[in-house]
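Asks: Shown below is the structure under consideration.
Just so you know, all these numbers are worked out from the coordinates, no wet-lab data involved. None of these values were measured; they are calculated from a predicted model. Positions of Cβ are backbone-derived with ideal geometry, glycine not excepted, and every protein chain shown enters the neighbour counts.
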Amino acid sequence: MEYFYNSFTEAIQLLITGDGEVYRIVLLSLLVSFSATFFASLIAIPLGLLTGIKNFKFKKTYTRLLYTLMGLPPVVVGLIVAIMLSRRGLLGRFELLYTSKAMIIAQVLLVTPIITGIIFNHAKVYGSKICKVCYTLGGSSYDALWLLIREMRVTMLIAIVTGFGRAISEVGAVMIVGGNIKYHTRVMTTYIAMNNGMGNYAKALAMGIVLLLISFTVNSILYNYGMGEQDEY
Amino acid sequence: MNIEIKGLKKTYGKRPILNIDHLSLERQKIYGITGMNGIGKTTLLKIIAGLEPYDEGLIYYNNATLNKSLMKQISYVSQSPYMFKQSVFDNIAYPLKLRKINRDTIESDVMALLNHLKLSSLKDCKANQLSAGETQKVALARALVFKPSVLLLDEPTANIDSETMMLIESLIRNCVNRDQMTVLHISHNAAQIERLCHQVIILEGADKLRIL
């Protein structure tokens, strides 16, 4: 316990004194995770809404597949993306491996099913009900879509926050496709894993605290913005 | 609006639900629909509202088949209405906002309904936090506010006390007379059907239907 306390104190000192590398890593982590969540949301929100509301053939199979993808192992995603981006891979000519872009691609693949799944589940239960109410009150398809977005905005925020949480805390995929290169592709999670392996527990813990603080701040902002409404219902 | 149903067939899987050879509904009349649970009352209402597909048959609304403009004149209140995550006022005003009615008219029309249904004290409350009875009243007000030609009610007074039930009945009667509305009203309350409805449609089986 004393050892843990000392590491914790050391971690706080490291944060207060301001280490250049630490801040660079934090900024890169935020950039990668925010970008991945943004691009994943662009795909996942319409996909989740559409597949949730519509009845189509193989919807049950689609649901099972989606739930499986929600629990995709990051190392598998990392491996697939790395193979695709490697020099001999399908997208090798773009030379993206070991860049932050590769990390974003891997995280988009991880986060998209999570956001889609959360929105899909909600839209499946309430989506058609909301649309039907809109139609019976004289609304068009466009009105129904707008109403659906408005009614589901809290769910969408929850999905985005969950996706961001997954992206920022993920280590396996970014380690494989990013390579944990100092000043280039090193992010918070790979930094923690590396320092843990080297026995630098204070540094690892300091970054862990930063990770938690960022997660708390993002959640607090989104909670104040819209998720607080959830408590009222 | 006059509605004519010809050769309507609806099955769920292999189970026949509705098989209506002919049914004619006239405007400015209130029709009560009654029958056992699962007999197809709600399905019939949903089909007329254009919310449920059917296997065979034709439905004419003033001699025309259902289209977007006709659908805008049909209002349906379900057994468990969905309330938007907005105030009671905004919920009732929603159909008028869709029709781009000016703000003053919206205010006066919504307030008139709120006052009639004794809901004015709940005007600013969140609609999805209301009791079951209040929810049904708000849903009814929301369905009536744009003066539809056809009003389809699926047990609208199931959770409502007798005093409010009378209020609702008088409101429906007024709307039918004023706006020449056609009302189809599902109810298990025989006394209410007798009080309110001009005719009663009794569903006794998929292809057994009696009109009294």
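Asks: Around B:Gly57, which amide H atoms from residues at least 5 apart in sequence, or from another chain, sit under 5 Å from its own amide H, with H modelled in the peptide plane?
Replies: Result for B:Gly57 returns B:Lys9.
Asks: Looking at the square roots a ≥ b ≥ c of the eigenvalues of the Cα gyration tensor of the range B:67-177, which shape do they give, rounded for a/c under 1.5, prolate if a/b is larger than b/c, or oblate?
Replies: Rounded shape, in that the Cα axes give a/c under 1.5.
Asks: Compute the signed sum of charges (Lys and Arg +1, Asp and Glu -1) over the other residues within less than 15 Å, Cβ to Cβ, of A:Phe38. Intermediate results must be reported in sequence, preceding the final value.
Replies: Values: positive: A:Lys101, A:Arg166; negative: none.
Result for the local shell: +2.
Asks: OK, next. Would you mind computing, in nm to one decimal, how far apart the modelled labels at A:Ser215 and B:Leu212 are, each placed 7 Å from Cα along Cα→Cβ?
Replies: 6.5
Asks: Place +1 on the Cβ of every Lys and Arg and -1 on the Cβ of every Asp and Glu in the protein assembly as shown, take the dipole about the Cα centre, and give the residue among A:Gly92, A:Ala202, B:Leu184 whose Cα lies farthest towards its positive end.
Replies: Ranked along the dipole, the leading option is A:Gly92.
Asks: Let me ask another. What percent do you get for the relative contact order of chain B when only Cα pairs under 8 Å and 6+ apart count?
Replies: Relative contact order for chain B comes out at 32 percent.
Asks: For B:Val200, which sequence-distant residues (separation of 5 or more, or a different chain) have an amide H within less than 5 Å of its own amide H, given hydrogens modelled in the peptide plane?
Replies: B:Gly32, B:Leu212
Asks: What full-extension length gain, to one decimal in nm, is calculated for A:Glu21 and A:Lys54 as 0.36 nm per residue of separation minus the Cα-Cα distance?
Replies: My answer for the length gained is 7.0 nm.
Asks: Same structure again: Looking at the P(r) of the protein assembly as shown, how many percent of alpha-carbon pairs lie beyond 37 Å? Could you put the intermediate results ahead of the total?
Replies: Values: 43356 of 98790 pairs.
Cα-Cα pairs of the protein assembly as shown separated by over 37 Å account for 44 percent.
Asks: Can you run phi through the Karplus equation (6.51, -1.76, 1.60; θ = phi - 60°) for the range B:26-38 and list ³J(HN,Hα) in whole Hz, with x for Gly and Pro?
Replies: Using θ = phi - 60°, the values come out as 9, 6, 6, 10, 10, 10, x, 10, 9, x, 5, 4, x Hz.
Asks: Also, I was wondering about something else. Compare the Cα positions of A:Ile115, A:Asn219, A:Gly165 along the charge dipole of the protein assembly as shown (+1 at Cβ of Lys, Arg; -1 at Cβ of Asp, Glu; about the Cα centre) and return the one farthest towards the positive end.
Replies: Result: A:Ile115, furthest along the dipole toward the positive end.
Asks: Residue by residue, what Karplus-based ³J(HN,Hα) values in Hz, rounded to whole numbers, does the range A:71-81 have, using 6.51, -1.76 and 1.60 with θ = phi - 60° and x for Gly and Pro?
Replies: x, 4, x, x, 5, 5, 4, x, 5, 4, 5
Asks: At R0 = 35 Å, how high is the FRET efficiency between B:Lys118 and A:Asn224 if r is their beta carbon distance? Nearest 0.05 is fine.
Replies: 0.45
Asks: To continue, here is another question. Can you work out the PRE-style zone for A:Asn200? Point 7 Å along Cα to Cβ, and I want the residues of the range A:6-36 with backbone N under 17 Å.
Replies: What the label zone holds, given the 17 Å backbone N cut-off, is A:7-29.
Asks: Between A:Leu30 and A:Trp146, with labels modelled 7 Å along Cα→Cβ, what's the label distance in nm to one decimal, could you check?
Replies: 3.5
Asks: Which entries in the list A:Lys59/A:Lys132; A:Lys59/A:Lys101; A:Lys54/B:Lys85; B:Lys147/B:Lys208; A:Lys60/B:Lys100 go over 31 Å, if you measure between the two C-alpha atoms of each?
Replies: The answer is A:Lys59/A:Lys101; B:Lys147/B:Lys208; A:Lys60/B:Lys100.
Asks: Can I ask one more? Take B:His198 and B:Ile101, extend 7 Å from each Cα along the Cα→Cβ direction, and tell me the distance between the two endpoints in nm.
Replies: Result: 2.4 nm between the two label points.
Asks: If we count trypsin sites (Lys or Arg not before Pro) as exposed when they sit in a DSSP loop and have at most 12 other beta carbons within 10 Å, what is the longest stretch of chain A that avoids them all?
Replies: A:89-181
Asks: Could you work out the pair-distance distribution P(r) of the range A:20-223 from its alpha-carbon pairs, with 10 angstrom bin width and percents rounded to whole numbers?
Replies: With a bin width of 10 Å, the distribution comes to 9, 30, 30, 19, 9, 2, 0.
Asks: Can you give the helix-only mean residue ellipticity at 222 nm for the protein assembly as shown, where every DSSP H stretch with n ≥ 4 adds -39500 (n - 2.57) and the sum goes over all residues, rounded to the nearest 500 deg cm²/dmol?
Replies: Values: 19 runs with 254 residues, N = 445.
Only helices count here, giving -18000 deg cm²/dmol.
Asks: Loop only per DSSP, at most 15 neighbouring Cβ atoms within 10 Å: give me the GluC sites (Glu not before Pro) in the range B:141-212, ordered by residue number. Working shown, then result.
Replies: Details: sites: B:Glu163, B:Glu169, B:Glu194, B:Glu204; in loops: none.
Of the GluC sites (Glu not before Pro), not one in the loops of the range B:141-212 has a Cβ with at most 15 other Cβ atoms within 10 Å.
Asks: By how many nm would the segment from B:Glu26 to B:Thr11 grow when fully extended, if each residue of separation counts as 0.36 nm and the alpha-carbon distance is taken off?
Replies: 2.8 nm
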